[in-house]
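The values are calculated or read from the model by the stated rules, or taken from the named source; none is laboratory data. Keep in mind it's a predicted model, so treat the numbers as computed, not measured. Backbone-built Cβ (ideal geometry, glycine too); neighbour counts: all protein chains shown.
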Amino acid sequence: MDDRPEHLRVTDEDWKNTPPSVQVLVASLAKRVEEFEARINRNSSNSNQPPSSDGPFKDRSKQKQKRGGQKGHEGHQQTLLDFTDEEHIYTSQCPCGGTDLIDKGPYYIHQEIELPDIQMTVNPFLLHEQQCQRCSQTLRAQIPLPRSKERDMVPG
């Protein structure tokens with residue numbers, strides 16, 4: 001019976017000359033090493049561990065695709081927004097010192113988007129206290145629901 005571990009690099013003759021007690025020890029240690037290696041190589045893609053338990057550094061050699069844009073993939077560009085104001089920028093001098101420059105038209109459009117200032121609207125609600133003339137009970141007005149919630153509650 002040959003109990004030699006699969007990955008053990010020992011010739012058949014040397015293994016047969018090894019005492020049985022050492023063979024059992026080597027086989028059990030080889031099995032433990034195999035279990036430890038399986039445990040070390042475990043991550044979220046081959047076990048039930050969450051991705052947050054993976055280490056911060058992934059082995060880049062195991063990636064199927066290279067980083068960046070892939071060959072054959074159609075690129076996307078940001079769409080230009082409607083202009084509210086247009087400013088043309090020209091150079092005034094060539095690095096060689098020449099100042100007589102011929103305009104060839106715009107080569108690039110750079111958009112800067114500025115959001116308008118947000119104006120806060122403050123609506124005070126003055127809650128009045130009233131007294132019933134019939135029973136003399138004092139009544140207090142309640143704070144109305146926010147207008148957005150009122151709109152959501154109206155069937156429509």
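The table below lists the values:
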read-out: Lone qualifier among Ser47, Ser28 - being of a type in the set (Gly, Ala, Ser), part of a loop (DSSP other than H, G, I, E, B) and surrounded by 10 or more Cβ atoms within 10 Å (Cβ to Cβ); value: Ser47
read-out: Among the candidates Pro5, Pro20, residue that is over 30 Å from Glu112 (Cα atoms) and in contact (Cβ under 8 Å) with a residue 24 or more places away in the chain; value: Pro5
read-out: Lone unmet requirement of (1) of a type outside the set (Lys, Arg); (2) modelled with pLDDT of 90 or more; (3) touching a strand residue (DSSP E or B) at 6+ places or on another chain (Cβ under 8 Å) for Cys132; value: (2)
read-out: Residue in segment 58-69 that is surrounded by 10 or more Cβ atoms within 10 Å (Cβ to Cβ) and part of a loop (DSSP other than H, G, I, E, B) present; value: yes
read-out: Single match in Arg151, Arg140 (criterion: at pLDDT 85 or above and basic (Lys, Arg)); value: Arg140
